[in-house]
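Data block below; observations after.
The values are calculated or read from the model by the stated rules, or taken from the named source; none is laboratory data. In this text the structure is predicted, and so the values were computed from the model without any measurement. So basically every Cβ, Gly included, is an ideal-geometry build from the backbone, and we count neighbours across all protein chains shown. For the accessible areas, the whole protein counts, side chains as well, though only heavy atoms, and no ligand, DNA or RNA atoms are used. Shrake-Rupley method; radii C 1.70, N 1.55, O 1.52, S 1.80 Å.
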Amino acid sequence: MTDTAERKPESLDRLVIRFAGDSGDGMQLTGDRFTSASALFGNDLATLPEFPAEIRAPAGTLAGVSAFQVHISDHRINTPGDAPNVLVAMNPAALKAELRGLEDGGTVIVNVDTFDERNLTKAGYTDNPLTDGSLDAYSVYEVPMTSLTKEAVIPAGVKPRDADRSKNFFALGLVTWMYTRPIDATLAWIEEKFGKNPMVHQANVLAFKAGHAFGETAELFDHTYQVAPAPQEPGTYTNISGNMALSWGLIAASQLAKLPLFLGSYPITPASDILHELSKHKNFGVRTLQAEDEIAGIGAALGAAFGGHIGITTTSGPGVALKSETMGLAISLELPLVIVDIQRGGPSTGLPTKTEAADLLLAMYGRHGESPLPIIAASTPSDCFEVAIEAVRIALEYRTPVILLSDGYLANGTEPWKLPDVDSLRPIEVEFATAPNHTSASGDPEYWPYVRDPETFARSWALPGTDGLMHRIGGIEKQEGSGNISYDPANHGEMVAVRAAKVAAVAKSIPPVEVTGDADADLLVLGWGSTWGAIATAVDRARAEGDRVAQLHLRHLNPFPPNLGEVLGRYRKVLVPEMNLGQLSRMIRAEFLVDARSVNKVEGTPFTAAELHAAITGALHD
Amino acid sequence: MTDVAPTTRKDWQTDQEVRWCPGCGDYSILTAVQMLMPELDVRREDTVFVSGIGCAARFPYYMNTYGMHTIHGRAPAIATGLALARPDLDVWVVGGDGDLLSIGGNHLIHALRRNVNLTILLFNNQIYGLTKGQYSPTSERGKVTKSTPFGSLDQPFNPIALALGAQATFVARTHDMDRQHMQETFRRAHAHKGAAVVEIYQNCNVFNDGAFATITGKANRESMLIPLEHGQPVRFGPEGSKGVVIDDSGQARIVEVDDVDESEIVTHDEQAPTAALAFMLSQLASSPEEPTPVGVFRAVERDEYGEAVERQIAGAQDQRGPGDLSALLRSGATWDVV
Ligand code: SF4
């Protein structure tokens, strides 16, 4: 399976390929394996899986199309790419749904076997696009994937109906050949995954090899392509998704704090994978409870926190809404807790499988009363690891619930991640009360749970079981110091102020922000969350055209980093791209009186670099 | 816990002023618990009372233990997390009928079916007290309250039947007029491994005074309370003149013992393989105006949830060793760049 000398591969510096098919066609798997092979080969990459909301929408319909986009390159990249160069479409619906995004003159590889009248009608085509000239602007390759697969797997002895299931491996084999990806890792993976079922294993290997051989022998393609490895810092790498990195970050935090992890969670897209992942790692002392509802999830986590565990709850927007009363309780109890919100399209059920970042103001203000809490957000899939540790650090050090914002795009998207040296991770120090901290009027030593650290304003924390420190805490307003119930108006004012001061004090533990790009920029692009990659690419492009632009990306959204106001003041123009109608820009305007301009996209898909490049150009030259 | 330093009732009291209405049944329940604790061979340090919202939910403030006064309905969920995180602790849940059966009904049934090691005291006064007198999920049909001036239309819950339906492993009923009975019932509930729920008929003398007087008044008890004792025929009334039989259609019915063959009187079995008998007994009275069973309806052993959680963790550690973070990060496909 090597290329012949006369068909030398053509070099590409980058490639964006989109696999699309019916949700039963296994396109996520095909994309995932192509990605893995590319990662092992040494490319930089970023992925964007997109699933339909229904588990199995009617086969062959637009609603059932599942897609996976991967961007691979020989240099550093930040996004899954704007317009794909190649579309692999397993049926007419996939072609119809995904063609719009393809670059002009791009390549389309279709499974021609599926282009019969029935499937064309289901996809809403009146004429066959393969013959009516509507694809003239593209290079179209018609490959009879279904029939070739069926033929190829005959030696494995599978029934013709089951043979159809291997066609995604045929597609994978074909693109593996086209883009000269290594094949060993894929074969090893098939072995690992299907080895227990020899018939399926053999069928998938045969289909994969048939796809590869088809590329090589069919006269359809005149040559292959290659994308060289990208220069990367020395180290050990793995390809990681946001939800996986977040789960591992929580486990790391548990090790760094030397406290067990307790997850109370209720299944919800796109957060469930964190529950799945953490529940695998009981040998780390991780306890996971699939609770009866969202409220019980956070409640159990808070109960565990009272007992000295790191209480975590994971959810998405609708779950955050349900958890808000318990967050208020955690604020009042001043116990550590981490609420992970993997944002998705809202309101209500909204777009469960699509990304959005419109929960920032919910995180800020979505509780009754004066109830501030720290908020942090991840910017890339691998950043979720560090952000998870940071959320736990803040929660434990300040005895406060913390909201961690990620989104559907980060959750499922992947990128190569240089593994950190675990010994270099900073331990999280937590001190528990072990002795009385007050003297009663009668001169006896006693324990007061609301005696505070003068620096952090964190209250004293005594765990049940500790000798002599019995105490009661609750959601009713309490006397500062003793923690006894207090309805005194002045004390309430004092408690409201001290809870706010405590959250504000977190800023002292945050490093100052650093701006990238031009020092004397005319425009600062300020972002948060998963827009980082698209912003970075757009800023690079603008600068390549001679514009002076800088980028600042926030991890800490409440409180803001201490020098943020000063930094924002340096720029004449501030542009804030957000996957919402302008939430951070409102906060920035309110806090710093800066004329922050909002760029919005709320369509269930991330910004493309091209969109943001246009916005930057527009803002600079209007 | 054998070498626990002895305590007295006073050791379990706090300096906080008890703020229930004078004459409220909550006082006698508090006294029963505070008097029982020194007999239980447990440390105050290892004891936690968790409550939701309502009159009863003030309970933790009056117990010199660790305590959490949380939010309406959520105490069973919060206590579940605490009990799973800290199996070494003795976790009690205190709540009223509104707290545990209305807003928190979901958490209660799930704590029961999971069999989390919790001792749950359900103060049933058949009214909302703290919000000043609305009907509750245990109020009788037709109840006239501030929110039901024409009488309530809702069918009330029977907490015992509900708990049995939720597959609770320990279900009992007692009442606030009999401290001895409360203490014995709480003692059994506390000793039970798993979730134990005790319904306590509790008089709210301000908004629902006398709701249980027909059965709990001193003069009425003998003829109106049916004591359940494991292995004993279910009899009550003066000199045990009345008894309970199960008729052919599977219904429990009260009879004069003299009218039947004594062998027909049902023998109470709290450990029966199914909850059928306990359920039939729970249906004897449709309201606390009729002869009502008190005592332990059901007490069976089933895997305690927290122990099962610990077993899985220990099993995973035996199999895979304690977690190794560096190895975890390398558990997927990796590649080296030099
Ligand atoms: S309102 Fe009723 S239940 Fe509440 S404290 Fe007063 S008497 Fe007791």
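Which ³J(HN,Hα) values in Hz, rounded to whole numbers, follow from the phi angles of region A:442-450 under the Karplus curve 6.51 cos²θ - 1.76 cosθ + 1.60, where θ = phi - 60° and Gly and Pro get x?
8, x, 8, x, 8, 10, 10, x, 10
Please turn the phi angles of region B:204-216 into ³J(HN,Hα) values with the Karplus equation 6.51 cos²θ - 1.76 cosθ + 1.60 (θ = phi - 60°), one per residue in order, whole Hz, x for glycine and proline.
Those phi angles translate into 9, 6, 8, 10, 8, 4, x, 4, 10, 4, 4, 10, 9 Hz.
What do the square roots of 5 times the Cα gyration tensor eigenvalues come to for region A:431-489, in whole Å, largest first, as semi-axes of the equivalent ellipsoid?
18, 15, 12
Counting residues in region A:4-227 as N, plug N into 2.2 N^0.38 Å and put the Cα Rg over that result.
Cα-based Rg divided by the globular estimate yields 0.96.
What share of the DSSP beta bridges in region A:516-621 is antiparallel, in percent to the nearest 5?
Given both bridge residues lie in region A:516-621, the antiparallel proportion sits at roughly 10 percent.
A:Gln343's amide H: which non-local residues (gap 5+, or another chain) put their own amide H closer than 5 Å, with H modeled 1.01 Å from N in plane and none for Pro or chain starts?
A:Ser406, A:Asp407, A:Gly408
What is the helix-to-structure angle for A:27-41, meaning the angle in degrees between its Cα long axis and the longest Cα principal axis of chain A, kept from 0 to 90 and rounded to the nearest 10?
The two axes meet at around 80 degrees.
Sketch the reach of a paramagnetic label on B:Ala272 as a point 7 Å from Cα along Cα-to-Cβ, and name the residues of region B:294-315 whose backbone nitrogen lies under 19 Å away.
Taking a point 7 Å out along Cα→Cβ of B:Ala272, the residues of region B:294-315 whose backbone N falls under 19 Å are B:294-302.
Give the span of region B:21-69's Cα atoms along each principal axis, as three whole-Å numbers ordered largest to smallest.
Principal axes ranked by extent give 31, 21, 11 Å for the Cα atoms.
Considering only protein heavy atoms and a probe of 1.4 Å, how much of the accessible area of chain A is carbon and sulfur, as a whole percent?
52 percent
Nearest 0.05, what FRET efficiency do B:Asp209 and A:Leu581 give at R0 = 60 Å with Cβ-Cβ as r?
The pair B:Asp209/A:Leu581 has a calculated efficiency of 0.60.
At a probe size of 1.4 Å, how large is the accessible area of B:Phe212, to the nearest 10 Å²?
10 Å²
Given a Förster radius of 25 Å and the C-beta distance between A:Thr126 and A:Ile55 as r, what FRET efficiency does 1/(1 + (r/R0)^6) yield to the nearest 0.05?
The value I calculate is 0.25.
What are the equivalent ellipsoid semi-axes of region A:39-104, built from the alpha-carbon gyration tensor (square roots of five times its eigenvalues), in whole angstrom, biggest first?
Values for region A:39-104, descending: 26, 13, 9 Å.
Can you give me the Cα centroid spacing of region B:245-282 and region A:330-399 in angstrom?
Using only Cα atoms, the two centres lie 56 Å from each other.
Aspartates and glutamates near B:Lys132 by alpha-carbon distance under 15 Å, same-chain residues fewer than 8 away left out - which ones?
Partners found: B:Asp97, B:Asp99, B:Asp209.
Counting Lys and Arg as +1 and Asp and Glu as -1, what is the net charge of the other residues whose Cβ lies under 13 Å from the Cβ of B:Asp88? Intermediate results must be reported in sequence, preceding the final value.
On the way: positive: B:Arg43, B:Arg86; negative: B:Glu45, B:Asp46, B:Asp90, B:Glu307, B:Glu310.
Local net charge: -3.
How big is chain B on each of its three principal axes, counting only the C-alpha atoms and giving the largest first in Å?
Here the Cα extents, ordered largest to smallest, are 92, 49, 48 Å.
Just to confirm my numbers, what's the Cα centroid distance between region A:237-263 and region B:298-314 in Å?
What the calculation gives is 27 Å, centre to centre.
Could you do me a favour and compute the accessible area per residue for chain A, 1.4 Å probe, result in Å²?
38 Å²
How large is ³J(HN,Hα), in whole Hz, for each residue of region A:73-90 in order, when computed from phi with the Karplus curve 6.51 cos²θ - 1.76 cosθ + 1.60 and θ = phi - 60°, using x for Gly and Pro?
3J(HN,Hα) across region A:73-90, in whole Hz: 7, 9, 8, 5, 10, 10, 9, x, x, 7, 8, x, 7, 10, 10, 9, 10, 7.
For A:Ser348 and A:Arg76, compute 0.36 nm times the residue count separating them, minus their Cα-Cα distance, and round to one decimal in nm.
94.2 nm
On the full set of protein chains, 1.4 Å probe, figure out the accessible area of A:Tyr450 and give it in Å² to the nearest 10.
Rounded to the nearest 10, the figure is 0 Å².
Keeping all protein chains in position, work out how much accessible area A:Lys8 exposes to a 1.4 Å probe, and write it in Å² to the nearest 10.
Accessible area, nearest 10 Å²: 150 Å².
Per-residue Cβ counts within 10 Å, from other chains only, averaged over A:279-288: what number is that?
For this peptide, the per-residue mean of nearby foreign Cβ atoms is 6.
Length gain on complete extension for the stretch A:Asp421 to A:His438, per 0.36 nm per residue less the alpha carbon to alpha carbon distance?
Here the answer is 1.8 nm.
Would you be so kind as to list the residues of region A:326-372 that have their accessible area lowered by at least 40 Å² in the full protein complex compared with their chain by itself (1.4 Å probe)?
For region A:326-372, once contacts with the other chains are taken into account, A:Leu329 lose 40 Å² or more.
Using only the Cα atoms of region B:88-218, what are the Rg and Dmax in Å?
14.8, 50
Work out, step by step, the length gained on full extension between A:Arg100 and A:Asn197: first 0.36 nm times the residue separation, then minus their alpha carbon distance; give nm to one decimal.
Additional length available on full extension: 31.0 nm.
Around A:Val525, which amide H atoms from residues at least 5 apart in sequence, or from another chain, sit under 5 Å from its own amide H, with H modelled in the peptide plane?
Distant-sequence amide H within range of A:Val525: A:Ala550, A:Gln551, A:Leu552, A:Leu575.
Local charge sum around A:Ala521 (other residues, Cβ-Cβ under 10 Å, Lys/Arg +1, Asp/Glu -1)? Numbers along the way, then the final one.
Numbers: positive: A:Arg543, A:Arg548, A:Arg570, A:Arg572, A:Lys573; negative: A:Asp518, A:Asp520, A:Asp522, A:Asp547.
Around A:Ala521, the charge tally is +1.
Would you grab the residues whose amide H sits under 5 Å from the one on A:Val88? Only those 5+ places off in sequence or on another chain, please, with H modelled 1.01 Å from N.
For A:Val88, whose amide H was placed from the backbone, the distant partners under 5 Å are A:Arg18, A:Phe19, A:Ala20, A:Ile109.
Specify the angular offset, from 0 to 90 degrees and rounded to the nearest 10, of the alpha carbon long axis of helix A:317-333 from the longest principal axis of the alpha carbons in chain A.
20 degrees
If you average over every viewing direction, what projected area does the convex hull of the Cα atoms of the protein assembly as shown give, in nm²?
Orientation-averaged projected area of the Cα hull: 47.9 nm².
If every alpha-carbon in region A:516-621 counts as one equal scatterer, what log10 I(q)/I(0) does Debye give at q = 0.16, 0.19, 0.22 1/Å?
Here the Debye-derived log intensity ratios amount to -0.62, -0.90, -1.22.
Taking the 0 to 90 degree range and rounding to the nearest ten, how far is the long axis of helix A:294-306 tilted relative to the main principal axis of chain A, both from C-alpha atoms?
Result, in degrees: 50.
On a 28 Å Cα-Cα criterion, which of the cross-link pairs A:Lys573/A:Lys601; A:Lys258/A:Lys280; A:Lys150/A:Lys196; A:Lys122/A:Lys167; B:Lys10/B:Lys146 come out too long?
Exceeds cut-off: B:Lys10/B:Lys146.
If you wrap a convex hull around the Cα atoms of region B:1-118, how much volume per residue is inside, in Å³?
Here the figure is 99 Å³ per residue.
On average over all directions, what projected area in square nanometres does region A:406-528 have, based on the convex hull of its Cα atoms?
The directionally averaged projection comes out at 14.3 nm².
Can you pull out the buried accessible area for chains B and A, both sides counted, probe 1.4 Å, rounded to the nearest 100 Å²?
So the buried area, both faces added, is about 5300 Å².
Among the listed pairs B:Lys218/B:Lys242; A:Lys96/A:Lys159; A:Lys323/A:Lys508, which have their C-alpha atoms separated by more than 23 angstrom in this model?
Listed pairs above 23 Å: A:Lys96/A:Lys159; A:Lys323/A:Lys508.
Rounded to the nearest 5, what is the percent of antiparallel bridges among the DSSP beta bridges in the protein assembly as shown?
Within the protein assembly as shown, antiparallel bridges account for around 40 percent of the total.
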